[in-house]
1. Which of the residues that make up the stretch 34-56 are in a strand (DSSP E or B) and within 13 Å of the chain's Cα centre (by Cα)?
2. Looking at the stretch 1-30 only, could you name the residues that are under 16 Å from residue 64 (Cα atoms) and either free of Cβ contacts under 8 Å to residues at least 12 places away in the same chain or touching a strand residue (DSSP E or B) at 6+ places or on another chain (Cβ under 6 Å) (or both)?
3. Just to be sure, is residue 19 exposed (fewer than 10 other Cβ atoms within 10 Å of the Cβ) and modelled with pLDDT of 85 or more?
């Protein structure tokens, strides 16, 4: 049988549970993938197309949307969220790095 996008993600997560999964334009994804992600968010397990579940407790999912920035239906909040200075200083010690690259730039470097 043919593997779906969901099956590929589930297979990689089962091999490499400490993964970062980048999903671009998630709002345009097929319903199976959207349902699997919804289930993963609610239950902490990612389902493949056959219903088998893989824990996502050690995975990080990053998803983008192709919705226009003007569309405020997702987040109508217009004010900024403010964090106390102590929280910001505390966060500085966390071991995390974030790299932001243009998708076309990433394709050229791989």
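1. The answer is 46, and nothing else.
2. Those that are under 16 Å from residue 64 (Cα atoms) and either free of Cβ contacts under 8 Å to residues at least 12 places away in the same chain or touching a strand residue (DSSP E or B) at 6+ places or on another chain (Cβ under 6 Å) (or both): 20, 21, 22, 23, 26.
3. The answer is no for residue 19.
Each row is one residue, and each column tells you yes or no for (1) modelled with pLDDT under 85; (2) touching a strand residue (DSSP E or B) at 6+ places or on another chain (Cβ under 7 Å); (3) surrounded by fewer than 13 Cβ atoms within 10 Å (Cβ to Cβ).
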position	(1), (2), (3)
35	no, no, no
49	no, no, no
61	no, yes, no
76	yes, no, yes
81	yes, no, yes
92	yes, no, yes
96	yes, no, yes
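The values are calculated or read from the model by the stated rules, or taken from the named source; none is laboratory data. None of the values given here were measured: they were computed from a predicted structure. Cβ atoms come from the backbone with ideal geometry, glycine included; neighbour counts cover every protein chain shown.
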